[in-house]
Structures are given as structure tokens and as C-alpha cells.
1. Within the stretch 180-195, is even one residue without any contact (Cβ under 8 Å) to a residue 12 or more places away in the chain and of a type in the set (D, E, K, R)?
2. Taking the condition of being surrounded by fewer than 16 Cβ atoms within 10 Å (Cβ to Cβ) and assigned to a helix (DSSP H, G or I), how many residues in the stretch 191-206 meet it?
3. Looking only at the stretch 40-59, how many residues end up being more than 8 Å from the ligand (Cβ to nearest atom) and open to solvent by 20 Å² or more (accessible area, probe 1.4 Å)?
4. Mind counting the residues in the stretch 99-121 that are of a type in the set (A, V, I, L, M, F, W, C) and without any contact (Cβ under 8 Å) to a residue 24 or more places away in the chain?
5. Pull up the stretch 138-160, narrow it to residues that are more than 12 Å from the ligand (Cβ to nearest atom) and among the charged types (D, E, K, R), then point me to the one that is nearest to Arg124 (Cα to Cα).
6. Could you go through the stretch 133-142 and let me know if any residue there is open to solvent by less than 20 Å² (accessible area, probe 1.4 Å), of a type in the set (Phe, Trp, Tyr), modelled with pLDDT of 95 or more and in contact with a Cys (Cβ under 8 Å, 6 or more places away or on another chain).
7. Considering the stretch 1-39 alone, what residues qualify as being in a helix (DSSP H, G or I), within 16 Å of the ligand (Cβ to nearest atom) and open to solvent by less than 30 Å² (accessible area, probe 1.4 Å)?
Amino acid sequence: MNGISVLKTANQVGKLVFKWRKAGMRIGFVPTMGALHKGHISLVSLALEKADRVIVSIFVNPSQFGPGEDLESYPRTFNEDLMKLEEAGAHCVFFPSVKEIYPDGFSTSVHISGLTETLCGKYRPEHFNGVATVCAVLFGIVRPDIAVFGEKDAQQLAVIKRMVKDLNLGVDILGGDIFREPDGLAMSSRNSYLNSEERKQAAVIFKGLSKASELVSKGERNTERICSAVRKIINYKAPLAEIQYLEVVDLCTMEALDELTTPGLLAIAVYFTHTRLIDNVILNP
Ligand code: AMP
């Protein structure tokens with residue numbers, strides 16, 4: 001164990017990063033909302049490969065939750081998270097209060113147009129403004145050389161890459177592979193909301209995505225036919241699943257694709273009662 005430090009203020013983080021940078025170190029950053037699982041830890045490992053010092057933030061960001069969403073019930077497991085991060089070799093945890101990130105008088109919102117309007121953005125209209133704003137604030141505090149985001153939230157990754165490019169923030173954004181349970185379900189802090197029958201059926205999402213990859217490898221290029229095959233599997237094998245969206249989109253613009261002439265992202269959001277799960281696969285024609 002390396003004696004991970006826990007910092008709660010922007011000022012403390014600034015001082016630590018200043019010291020590291022003066023010593024010529026590269027700073028890696030992994031923003032999270034806590035309730036950490038192996039998917040988060042794989043991002044920390046990737047950051048450790050690319051940087052000399054790694055800061056992980058744990059902040060359940062109120063501005064990315066919509067009315068009626070799970071802000072209050074979102075799992076908070078700080079002590080366990082800290083142990084996992086220490087074991088993974090992270091150097092610092094930034095664990096700010098809401099007031100530290102959004103002090104009185106905070107008036108800024110970062111909006112990325114276009115690619116926030118499809119997929120999740122269609123159903124969670126304020127979500128990506130909240131994500132982009134908190135990431136801009138966190139990048140300003142940490143000033144990382146690199147930041148790692150999961151490909152599980154592919155639209156989020158595209159939004160952050162766009163923001164960093166448009167605003168010249170000078171952070172290298174890396175995507176980490178989707179980490180899955182043995183039955184294929186993408187790891188998520190929200191999986192803990194599922195009851196045992198829902199959990200069993202949730203594995204069907206990955207079976208659907210795998211079917212799409214299989215169809216593409218056999219030559220299928222029509223996205224409507226691909227999506228309808230996926231929908232059929234999920235509806236048949238997971239009757240508790242309610243698909244919110246299922247679409248093939250361009251990897252950068254998140255706009256719908258009719259034909260797969262270039263690689264596309266098959267993205268899905270599924271409800272099991274009140275639990276909303278997202279997943280995706282890149283389809284390479
Ligand atoms: P969250 O705490 O859910 O906001 O996620 C923090 C980061 O972990 C985001 O960049 C997510 O995309 C990433 N992440 C979440 N689940 C996974 C997973 N199963 N595999 C890889 N990365 C993930």
C-alpha cells in the first residue's frame with residue numbers, strides 16, 4: 001500500500017499537483033462518482049500506465065441527474081472505494097463537497113451542441129451539460145496531462161473529447177475498454193439496483209450486442225436490420241427489459257447511420273423497472 005492521500009479542497013489538489021509537476025511528473029486523472037468496481041479500477045490502471053501520478057475524483061455530481069433520477073439513492077461506498085484505489089496504486093483521491101465544486105455564485109454551464117442531442121441526450125436533456133460542466137471544473141482544478149474515461153459511456157467520451165478540442169483544454173482524453181461481468185453484463189454502479197431475476201435477464205443485453213457484431217462480420221450493413229435482430233433477442237430472452245433506445249450512430253457525431261460504411265456505435269439503453277442500464281459495441285464493417 002502506498003498511503004493514498006485524500007484531499008477535499010481544490011486548493012489542496014492544486015498544491016499537490018504543482019509539486020508533482022515541478023518534479024517533472026505527468027499527471028493522470030480519472031473522474032468517477034464512486035461505488036467503484038473493476039471497470040473503474042481498469043481506468044486507474046490505464047492512467048497509471050500513461051502517467052507518473054494518478055488522481056481519482058469521487059463526486060456524485062448533482063447537475064448531471066435529472067428530476068426524479070437516482071441522485072439521492074446513488075450508492076455511496078467511500079471507505080471501500082478508498083481501499084480499492086489504494087490497492088490499485090492511485091496516488092490521490094479528490095473527494096470534494098458539492099459546495100467545493102459549485103460554490104455560491106457559480107453561474108457557468110458548458111453546453112456541447114449536436115452530439116448531446118441523440119441517444120441519452122434525447123431522454124436526459126440536462127445530463128451532458130452537467131457532465132461537461134463538472135469535467136471542465138475538475139480539469140481546471142487538477143490540470144491533468146491525461147484523463148481516462150470509459151468507453152461504456154461512449155457518448156460521454158465523445159462529448160468530453162469535443163469539449164477538450166473546442167476549448168483547447170490541453171488534456172489528452174483516453175478511452176478505456178468496457179469491463180464486463182463473466183456473463184457479459186457491463187459493470188455499473190447501478191447494477192446493484194437489480195433484483196436477482198432482473199440481474200439474470202440483464203446479461204441478455206450483451207448477447208444482443210454480440211449478435212449485432214456477428215451479423216456485421218457476416219456482411220450485414222443495414223442498421224435497421226441489425227437493430228431489429230438485437231431487439232428481437234432482448235425482447236424474447238429478457239421480458240423484464242424495456243428498451244429505451246437502440247441505435248447505430250457515427251462514433252464522433254453520434255448521428256444515426258442507415259448503412260454501415262464506416263465503423264459505427266451500436267448503443268442501447270434499457271430499463272429494468274426503475275434501473276436504467278446502458279451499453280454499446282463498436283461495429284466494424
Ligand atoms: P461513473 O462513476 O459511473 O461516473 O463512471 C466513471 C468512469 O468509469 C466513466 O468514465 C465511465 O465510463 C467508467 N466506467 C463505468 N463503468 C465502466 C465499465 N464497466 N468499464 C469501463 N469503464 C467504466
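The values are calculated or read from the model by the stated rules, or taken from the named source; none is laboratory data. Computed from a predicted model, the values in this text were never measured in an experiment. Note: ideal-geometry Cβ built from the backbone for every residue, glycine included; neighbour counts use all protein chains shown. The protein model used for the area step is the full one, side chains on, heavy atoms only, and it has no ligands, DNA or RNA in it. Shrake-Rupley method; radii C 1.70, N 1.55, O 1.52, S 1.80 Å.
1. no
2. Applying the first criterion (surrounded by fewer than 16 Cβ atoms within 10 Å (Cβ to Cβ)) to the stretch 191-206 yields 192, 195-197, 200.
Retained after the next criterion (residues that are assigned to a helix (DSSP H, G or I)): 192, 196-197, 200.
Going through the stretch 191-206 one residue at a time, the tally reaches 4.
3. 8
4. As a first pass, look at the stretch 99-121 and keep what is of a type in the set (A, V, I, L, M, F, W, C): 101, 106, 110, 112, 115, 119-120.
Imposing the further condition that a residue be without any contact (Cβ under 8 Å) to a residue 24 or more places away in the chain reduces the set to 106.
Residues flagged as of a type in the set (A, V, I, L, M, F, W, C) and without any contact (Cβ under 8 Å) to a residue 24 or more places away in the chain within the stretch 99-121 amount to 1.
5. Arg143
6. So the first thing to find is which residues in the stretch 133-142 are open to solvent by less than 20 Å² (accessible area, probe 1.4 Å), and the list is 133-135, 138-139, 142.
Now restrict to residues that are of a type in the set (Phe, Trp, Tyr): 139.
Among the residues that remain, those that are also modelled with pLDDT of 95 or more are: 139.
Subsequent filtering for residues that are in contact with a Cys (Cβ under 8 Å, 6 or more places away or on another chain) retains none.
Looking through the stretch 133-142, none of the residues is open to solvent by less than 20 Å² (accessible area, probe 1.4 Å), of a type in the set (Phe, Trp, Tyr), modelled with pLDDT of 95 or more and in contact with a Cys (Cβ under 8 Å, 6 or more places away or on another chain).
7. Let us first name the residues in the stretch 1-39 that are in a helix (DSSP H, G or I), namely 10-22, 38-39.
Keeping just the survivors that are within 16 Å of the ligand (Cβ to nearest atom) gives 38-39.
Correct list: Gly39 only.
Each row is one residue, and each column tells you yes or no for (1) within 18 Å of the chain's Cα centre (by Cα); (2) modelled with pLDDT of 95 or more; (3) in a helix (DSSP H, G or I).
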{"site": "Glu87", "(1), (2), (3)": "no, yes, yes"}
{"site": "Glu100", "(1), (2), (3)": "no, yes, yes"}
{"site": "Pro103", "(1), (2), (3)": "no, yes, no"}
{"site": "Phe106", "(1), (2), (3)": "no, yes, no"}
{"site": "His111", "(1), (2), (3)": "yes, yes, no"}
{"site": "Thr116", "(1), (2), (3)": "yes, yes, no"}
{"site": "Lys122", "(1), (2), (3)": "yes, yes, yes"}
